[in-house]
Structures are given as structure tokens and as C-alpha cells.
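The structure under discussion appears below in the form of C-alpha cells.
The values are calculated or read from the model by the stated rules, or taken from the named source; none is laboratory data. The structure presented is a predicted model; accordingly, all values stated were derived computationally and were not measured. Cβ placement follows ideal geometry from the backbone for every residue including glycine, while neighbour counts extend to all protein chains displayed. Heads up: the accessible areas ignore ligands, DNA and RNA and are worked out on the full protein's heavy atoms, side chains in. Shrake-Rupley method; radii C 1.70, N 1.55, O 1.52, S 1.80 Å.
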Amino acid sequence: MKKEKIIEGLFFINGMAVIIVLLGIFALLIINAIPAFKDITLKDFLFGYVWNPEAYTTPSFGILSMVVSTLMVTIGALLIAIPLGIGTAAYLTDVASPKVREIAKPIVEILASIPSVVIGFLGIVLVGPWLAKLTGQSSGLNAINGSILLAVMALPTVISLSEDALGSVPKAYTEASWALGGNKWQTLLMVKIPAAHSGILAACMLGMGRAIGETMTVLMACGNAPAFPHAFTDPVRTMTATVAIELGEVPYNTTHFYALFAVGLVLFVFTFCINLISDLVIHKK
Amino acid sequence: MNKVEISNFNFYYGQTQCLKNISFDITSHQVTSIIGPSGCGKSTFLRCLNRMNDLIPGVRMDGVINIDGQDINAPQLDVVSLRKKIGMVFQKPNPFPKTIFDNVAYGLRINGIKDQDYIDDKVQESLKNAVLWDEVKDRLNSSALALSGGQQQRLCVARALAIAPEIVLMDEPASALDPIATAKLEELIVKLKEKYTIIIVTHNMQQAARISDMTAFFMQGDLVEYKHTKQLFTHPDKKITEDYITGRFG
Ligand SMILES: Nc1ncnc2c1ncn2[C@@H]1O[C@H](COP(=O)(O)OP(=O)(O)OP(=O)(O)O)[C@@H](O)[C@H]1O
Ligand SMILES: [Mg+2]
């Protein structure tokens, strides 16, 4: 009896510790972000174009440019990763022979374990020059580059979760479609993908979560120009990159310091919403 | 006229032989019943006729099945167009997780039919034929998965009829139906044979006797006896057939 109580208590402490750490991080973000708004209005912060915190006379703390940059890079990544990921998943579940599947699956998983700095490196030495040649610009470090790299990083998530979703569609649905004269394509597009849609949606959301919070890759490959981006060929600087670049050098307890925490908080709200939505989607049924 | 000709057909799941040297012909515009104890290979046989077993890994077969004089297992045969002329009602109801309407319309849509009025008419007609229309006409756009088991079964009948097949395969289509729906379904089957060739698996002897022209009795993968339904039920050739249909079996 007593032993059981002790074990129970240990698990309780364990669980609580995790929750406390998480809440602590959240509290730290909020506590350090709030003082920023003594000097900046929320409106200027959220809707200002110019981020120039070290300006001598009037520093500006508008994050709109980096929010748009983050969204551009993320959406670009999803535009690449979602069709490719679902296509690959469909190929692996429906078309590939068992042998191909056995080889391809571990490869996809290995893709997930490539360190982001290596992917960023590939962005600089491989994708960058290639994009520069393609667009005729002097540098290929821009939003497309980031999108491509983030797509590569999101793909394993999208592929393996979509594959699980497609694989768990009951065989009876496939049989019903085949018996009605449906070919493989029609069965996939009109029966299997709709039947697996919540799992596939969740896969995409989680892939998005992976892309939006990624730092090192976009820091290396996107060019880091703090200007408002007008095209995918513009160099961009995302929220994550801004925090990573500046937080190391900013003097403590200045408005700039607090503003970086506020940026972190905004990012946290983004990822939190994405995870929340994907959670709701997964548990809808 | 023979619609389906089966000769020396064997079927194996891996090492286990499930159908043993089956040979018989199925006449068009007739109802043919397949009866036999559970596990004797009735569903397997039915699924061979529209090549549903292609989906199962590790199966093997030999012998010939001809439909309209064409070997359906020939390598050059287009299996999709074969299946288009064969409707199938599976033993377990398997409606798509779509609306009732979309379930019935699916077969039409994948055949490239876009005319919405035509689809509406066909859906209604098929649901009426399957004796389901009155129960679902007010909720065509709700999910088919919310229907009861018997309703789902009739929905699957409607879905198979909508594509206007030449052959209709039915695997115990009345197993989850009440006597009234069963009677109506039987009525439909008898009516359908004017246009279609119908092959039905049933565990209900009276049903086989009522609706079918020919009856095949399977046992442990063998075709024991195949003849006119009346004869089979009144003067079976084999002792074992008699035992089975009179319920003295096992
Ligand atoms: N996918 C499969 N893999 C291996 N064996 C199978 C498979 N499907 C059926 N069998 C076996 O083949 C035999 C015939 O099965 P089948 O489903 O054709 O029987 P049935 O006559 O339709 O029976 P019931 O009246 O119970 O539906 C059974 O012994 C069954 O266990
Ligand atoms: Mg069966």
C-alpha cells in the first residue's frame, strides 16, 4: 500500500515538474515582454513596418516585416511540402511495391534527422547559387531559398503522418470503389484522401509548426534583410532569425531587449495556435 | 446464353486451397444462388468474378473464368472496365464515409457523368429500387455512416445498381434486413433479372428457393451440385446436398 503511494507521488511530482517548467517558460516570456510596451504602443509594434531598434534618435520596433517574412517562408514551404508530401505518402501506400516501401520509409525518416545547420549549409552552397542563376540576381539567399529548405525539413513529418492516415483507411472503402469501376487514381483522390482528411490536415499543420519555428536554416539561407518583403525573390528576415541575431548582443533591460521577448511571444502564440488547431483536427473524430 | 463460364478453376490463399476445380456456367438474365456452409468459399468465389481478390497479397489461381466469352484473368484485360459492368454488394456493408447521396452518386461520377439532373434522377431511382428511399429522402446529405446496419446494406445495393451493371453480385444482401425489407429486396432481385444477371450468396434456403433459377451448392471449396433450383431442392442428386438443405447437416 505504502509503496504504491510513494510511486504514485513520484509520478505526480514528475508530471508536475514538466508542467511547471512549461508554465515557467511562458511566464518568463510574458514578464519580459510586457515592459517593452512602456515605450512602444501595441499598434506600432504589431503594424509597424520598420524594425530599427538601435536607431540613434527614434528607434522603431515594428514587427510587421518579419511577421510577413515568417509567413511567406512558411507558406512557401507548405506550398512545396504539402503536395509533395501527400503525393509521396500516396505513392508509398498505394503504388510502391513492398520492397520500395521498405527502402523509402527509412530514408524519409533519415531526412528528419538531418541537423538544421546542415540544411542551411546546403541552402547557401547549393540552392542559393542555383536560385541566383535562375532569377538572374546576385544572390540566391531569399524567401524562396528558405521555403525550399523548410519544405525539406517539413516533408518527413508530412509524409509519415499522411502515410499513417492513408494507411489506416479501411480496405473495405478501397474495395467498394474498385468494385464500382474506380481506378487507382479515383479511389485515391475521391475516397482515400477524403477519408483520411483529418489525419492529412493534422500532418500539414504539424509540418507547418515545424517550419514556422525553425531558426538556423532561415537565418543562414534567407539573406536577413530587415526590409518589408515584396516578392519571394526578396531577402527576408524572419522573427526567429531576428531574435537569434540580436538577443546575444542586446544590452539587458533595455526596450530592445524586452521587444525581442515580445517577438518571441508572438511566435509562441503562432505555434501555439497551430498546435491547438491540429490537436482539434486530430481529435475531432 | 452463358454470361459466365467457369472451368477448372482453383483458388489458393497462400498454401491453402479455397476453391477446388470449379466448373459451371451461369446463364444471363437469371438469378443464380450460391449456398453452402460458412467458410466453404462462397464469398471468395464471388470476389473472383470481379477480380476483387487482386487486392489481397499472396493469392494464386488457375483455370479459366470467362465473362461474355472473355477470359477475365487474361493479362491484357482492362480490369476497370470489367468491374464497371459488374455491380457488387459486399458481405459486410461498406458505405463510404460520405453523404448518402454521394455514396450512390459515386459510381456515376467516376464514370464521368456531370449532368446533375441525371445524377439526381439515378440516385433517387436506385434508392427506390433498394427500398431505402422513404427512409432517407429527407436526409440525403447526412453521413451514410449514421445509418443502421440494414440501411447501410440497402445503401450498398443502391450504390451497386446506380452504375447499371450487367451482372450483379450480392453477398448475403439480406443478412441484416427485417422480413419486410427482405421481401422487397427479393422482389427487386426478381425484377432486376429482366435486365441483369444476378448471382447471390445466401444462407437462407427458402430465399434461394424463392428467387433463384439455378442453385450451386458449395462445400469445403468443392462445387457439390449445380442445377435448377426446383430440382436441387426437391430431388438433390447427392445425399450431402439433401442433408444440407434439410438442415440435418453437421
Ligand atoms: N483474405 C484471406 N486470407 C486467407 N484466407 C482467407 C481469406 N479470406 C477468406 N479466407 C479463407 O477462405 C475460406 C473461404 O472463405 P469465404 O469467405 O469465401 O467463405 P464463405 O463461404 O463466404 O463463408 P461465410 O458464409 O461465412 O461468409 C475460409 O476458410 C476463410 O478462412
Ligand atoms: Mg462469405
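Table: residues versus (1) of a type in the set (D, E, K, R); (2) open to solvent by 10 Å² or more (accessible area, probe 1.4 Å); (3) assigned to a helix (DSSP H, G or I).
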position: A:I148; (1), (2), (3): no, yes, yes
position: A:A151; (1), (2), (3): no, no, yes
position: A:D164; (1), (2), (3): yes, yes, yes
position: A:V169; (1), (2), (3): no, yes, no
position: A:Y173; (1), (2), (3): no, yes, yes
position: A:W185; (1), (2), (3): no, yes, yes
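When A:A231, A:A227, A:A262 are screened for being in a helix (DSSP H, G or I), small (G, A, S) and out of contact with any Pro (no Cβ under 6 Å at 6 or more places or on another chain), only A:A262 passes.
Could you please let me know if A:T242 is polar (S, T, N, Q), closer than 25 Å to A:V158 by Cβ and part of a helix (DSSP H, G or I)? Considered against the rule, which asks whether it is polar (S, T, N, Q), closer than 25 Å to A:V158 by Cβ and part of a helix (DSSP H, G or I), A:T242 comes out as no. Summed over the stretch B:206-223, residues that are more than 16 Å from ligand 2 (Cβ to nearest atom) and open to solvent by less than 30 Å² (accessible area, probe 1.4 Å) total 4.
What do you reckon, is A:A81 under 23 Å from B:G58 (Cβ atoms) and at pLDDT 90 or above? When the stated conditions are applied, A:A81 does not pass them. All of A:T215, A:T238, A:T255 fail the test of being under 30 Å from A:G48 (Cα atoms) and surrounded by 20 or more Cβ atoms within 10 Å (Cβ to Cβ), apart from A:T238. The listed residues are A:I148, A:I193, A:I159, and the only one of them that is under 25 Å from the mean Cα position of the chain (by Cα) and within 14 Å of chain B (Cβ to nearest Cβ) turns out to be A:I193. Does B:G69 qualify as being in contact with an Asp or Glu (Cβ under 9 Å, 6 or more places away or on another chain), within 14 Å of chain A (Cβ to nearest Cβ) and at pLDDT below 95? In short, no.
Quick one: is B:G41 out of contact with any Leu (no Cβ under 7 Å at 6 or more places or on another chain), near ligand 1 (Cβ under 8 Å from one of its atoms) and small (G, A, S)? Criteria not met by B:G41.
Looking at B:S126, B:S33, B:S38, B:S23, which one is within 15 Å of the chain's Cα centre (by Cα) and of a type in the set (S, T, Y)? It is B:S33. Listed conditions (1) in a helix (DSSP H, G or I); (2) over 24 Å from the mean Cα position of the chain (by Cα) are all met by A:Q137, apart from (1). Candidates B:I100, B:I119, B:I67, B:I113: the one that is away from ligand 1 (no atom under 16 Å from the Cβ) and within 19 Å of the chain's Cα centre (by Cα) is B:I67. Does B:S143 qualify as being open to solvent by less than 10 Å² (accessible area, probe 1.4 Å) and either within 12 Å of chain A (Cβ to nearest Cβ) or within 21 Å of B:K195 (Cα to Cα) (or both)? No, not satisfied. In the condition set (1) within 14 Å of ligand 2 (Cβ to nearest atom); (2) among the polar types (S, T, N, Q); (3) not in a helix (DSSP H, G or I), B:N10 is compliant with all but (1).
Within the stretch B:81-97, the set of residues being touching a residue at least 12 places away in the same chain (Cβ under 8 Å) and away from ligand 1 (no atom under 16 Å from the Cβ) comprises B:L82, B:R83, B:K84, B:K85, B:I86, B:G87, B:P95, B:F96, B:P97. Within the stretch B:81-113, take every residue that is within 8 Å of chain A (Cβ to nearest Cβ) and part of a strand (DSSP E or B) and give me the one that is surrounded by the most Cβ atoms within 10 Å (Cβ to Cβ). Residue satisfying both the conditions and the ranking: B:G87.
For the stretch B:46-53, the criterion of being within 12 Å of ligand 2 (Cβ to nearest atom), more than 14 Å from chain A (Cβ to nearest Cβ), open to solvent by 10 Å² or more (accessible area, probe 1.4 Å) and touching a helix residue (DSSP H, G or I) at 6+ places or on another chain (Cβ under 9 Å) is satisfied by no residue at all. Within the stretch A:83-100, is even one residue closer than 17 Å to A:G264 by Cα and touching a residue at least 12 places away in the same chain (Cβ under 8 Å)? No, the conditions are met nowhere in the stretch A:83-100. Those helices (runs of 4 or more DSSP H) of the stretch B:116-221 in which 2 or more residues are under 26 Å from B:T99 (Cα atoms) and small (G, A, S) occupy B:149-162.
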